[in-house]
1. Just to be sure I understand: with springs between alpha-carbon atoms less than 10 Å apart, which residue in GLY244, GLY97, GLY106 has the highest mean-square fluctuation in the Gaussian network model of the chain?
2. Please work out the C-alpha center-to-center distance from region 1-46 to region 171-198 and express it in whole Å.
3. Counting other C-beta atoms within 10 Å, which of CYS242, CYS222 has the fewest, and how do the rest follow?
4. Go ahead and run the numbers for FRET between LYS101 and VAL39, Cβ-Cβ distance against an R0 of 25 Å, rounding to 0.05.
5. What order do you get for TRP310, TRP80 when you list them from fewest to most C-beta neighbours inside 10 Å?
6. Quick check: the angle from helix 44-63's long axis to the longest principal axis of the chain, C-alpha only, nearest 10 degrees?
7. Which of the three applies to region 1-152, rounded, prolate or oblate, going by the alpha-carbon gyration tensor with a ≥ b ≥ c and a/c under 1.5 meaning rounded?
8. Under the rule a/c < 1.5 gives rounded, and otherwise a/b versus b/c splits prolate from oblate, where does region 125-261 land using the Cα gyration tensor?
Amino acid sequence: MKYSKLFPKTLRQAPAGAESINHQLMVRAGFIHQEMAGVYTYLSLGWRVLDKISNIVREEMDKIGGQEILMPVLHPGENWKKTGRFSSFDTLYKLKGAKDKDLVLGPTHEEIIYPLLAENINSYKDLPLYLYQIQTKFRDEPRAKAGLLRTREFMMKDLYAFHESDEERNEYYKIVREAYLKIFKKLGLSALVTKASGGTFSDLSEEFQVITPSGEDTVFVCNRCSVAINKEIAEDKKCPECNGNLKEEKSIEVGNIFPLKRSYAEVFNLYFTDKGGEKKIVSAGCFGLGISRTMGAVVEVSHDKSGIIWPEAVAPYQVHLVGLDLEDSSVKNKTEEIYKLLLAEGVEVLFDDRVEVSAGIKFADADLIGIPYRVVISKKTHSTGSGQADKLEVKKRSEKETKFVTFEQFLEIVKNSH
């Protein structure tokens, strides 16, 4: 991609009202555009990041037997009335359709997936079943703020797992838990598994929290065994595992996992016949992961005063190629050649091909956007008298040191970086 064609360009200042780091940096760098409180357009750079996060999640969900589906955003209101949530769900968007029919914009999908399974699950032979989706959700959040961390429209991954028994469900819960830890590690996030206030869900209700001073959640972390506990169940400020002292931390919730209430299966008549011919209720678990919120969390924990520092697995491009002195035809030709060679090798490149833009502005934009590797081609690298002829000036975004390497050496670095 050539930067001269990229939409939009960077901004020098954050927009008014952008208080959180992820909001400020992603708007300035051209990843998102705010349409109103809690609602964003994901621009080209932002969508590439979301797509990579989604694909990492898909990979791990597929490994544990998940089948991807896509359920509707628009729900029949009658399903929500059956569960009682049409009136009890505080942030529910309600609409009126043709013939005054009640409709709902889905904040979650139990009211869709349970009726779906009730039509298709009959025998123990149909179980277990693991269905997931990556879908847009809507919640009428009264205090939409903090960029992508608290929005009214957001992307989320839901995995719904259905089993013959609670015991089977609990074993699969452990499998998903490990898959989540793998996902967040790949995303460059150190996520703490936090005991949540699960009510009737007992110990099988956990959140994945990323510690950061800008977080809106509060968790307590044991200074002895590192167990993390949600604020609502940290009663005496002592660790329930080792009796160590708990330290209060700010955090961002990026995922949650918990069993589902039996009432959903009862309302929608989701039963199956076991091996002995007995009718039994299906046991289920729900595993959520905020795709767009995770994107915001990455920026909150991975940035410096100059801009974003994207982890390589989710960066919009691998290489930010910066051409300087492009009014010199030989330098321009060399830069174009390097650009085409990288593309031919399957390397994702954002090429700053702007002429008559200073090196300082180009470097500032590269730091703000935060692509892992900055490669500079200039008279310095192209002139035979410079001592660095035919070498690339390379700087990793997360490091201060600049290196001069051959194209082949750099290609090896990039291809071995994942």
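1. GLY97
2. 29
3. Working: CYS242 13, CYS222 19.
Fewest-to-most ranking of CYS242, CYS222: CYS242, CYS222.
4. Values: r = 25 Å, r/R0 = 1.00.
Computed FRET efficiency for LYS101 and VAL39 comes out at 0.50.
5. Working: TRP310 27, TRP80 24.
Ranked by crowding around the Cβ, least crowded first: TRP80, TRP310.
6. 50
7. Numbers: a/c = 2.76, a/b = 1.52, b/c = 1.82.
It is oblate, given that a/c is not under 1.5 and a/b is not larger than b/c.
8. On the way: a/c = 1.81, a/b = 1.17, b/c = 1.55.
Cα axes put region 125-261 in the oblate bin.
Where a number appears in this text, it was derived from the coordinates with a stated rule and is not lab data. Not measured: the values here are computed from a predicted model. Glycine gets a Cβ as well: all are built from the backbone with ideal geometry, and neighbour counts include every protein chain shown.
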